[in-house]
Amino acid sequence: MDKFETILKAGNPKLVQPCQPVTDFSKRLHDWVRAMFNIMELHQGVGIAAPQVGLAYQLFVYGFQQNQRYPNEKPISKTICVNPIVLDYEETMLESYEGCLSLPGLRGLVPRWEKVHLKAQDVSGTHFERQAEGFEARIIQHEMDHLQGILYPQKMKDLSTLGFTQEMLNAGIL
Ligand code: NI
């Protein structure tokens, strides 16, 4: 079974290349998904995209029961998104502090659509649609960006809000 040892960090060229669609829904994909959830949970992530473990495929997973990095967020069911497409979104944007396992220790204020309507395939290739809002919509947009080689600082309006999580916690900003 595949096991991913590390999460690639910003600066690794594999994080900025676009991803190809998944066409093979065999055991290999199931193994990748399991291994992605494992390394995500090991690092207290709420979502992880395939390029973060070096796979240039249109695939991400997210979901958690409770999370140390985002202790105030409600649980989100574990979800696998293969070949995702945004069908529609709510024009209203919300700004909130966001982090990424590829930029460990940092947070920045990122505007995201309030709601998003997503179409994707599950690990078996079955199509499904998902309406998400709030933190889940934020995670989806963040992970979709990874599949385009985009990291969240590129979506920030004000880079002065980028900083270290611990400093922001100390200052009561988070
Ligand atoms: Ni990320």
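Brief remarks follow.
- Neighbourhood charge, 13 Å Cβ-Cβ cut-off, centred on residue 16 and excluding it, Lys, Arg +1 and Asp, Glu -1: +1
- Per-selection Kirkwood Rh - the chain (Cα, Å, 1 d.p.): 16.3
- A simple packing score, the average count of other Cβ atoms within 10 Å per residue, orders the peptides 5-11, 56-62, 94-100 as 56-62, 94-100, 5-11, with the highest score first.
- Our note on the geometry: Cα centres of the stretch 93-116 and the stretch 36-63, 16 Å apart.
- Nearest-0.05 FRET efficiency for residue 167 and residue 66, computed from C-beta distance (R0 25 Å): 0.55
- Two-decimal log10 I(q)/I(0) for the stretch 30-70, as the Debye equation yields it once each C-alpha is a single scatterer, q = 0.27, 0.33, 0.34 Å⁻¹: -0.91, -1.22, -1.26
- Candidate aspartates and glutamates - alpha carbon under 20 Å from residue 27, same-chain residues fewer than 8 apart omitted: 2, 5, 122
- Max mean-square fluctuation residue, GNM over the chain, Cα-Cα springs under 10 Å, options 118, 109, 87: 87
- Simple label model, 7 Å out from Cα along Cβ direction - residue 73 to residue 157, nm: 2.1
- Proximal charge balance of residue 52 [Cβ under 10 Å; K/R count +1, D/E count -1]: +1
- Set of lysines with alpha-carbon distance to residue 115 below 20 Å, sequence-local pairs under 8 removed: 74, 78, 155, 157
The numbers here are math on the coordinates, done by the rules we state, and not lab data. The shown structure was predicted, so the numbers you read here are calculated from the model rather than taken from an experiment. Virtual Cβ from ideal backbone geometry, glycine too; neighbours counted across all protein chains shown.
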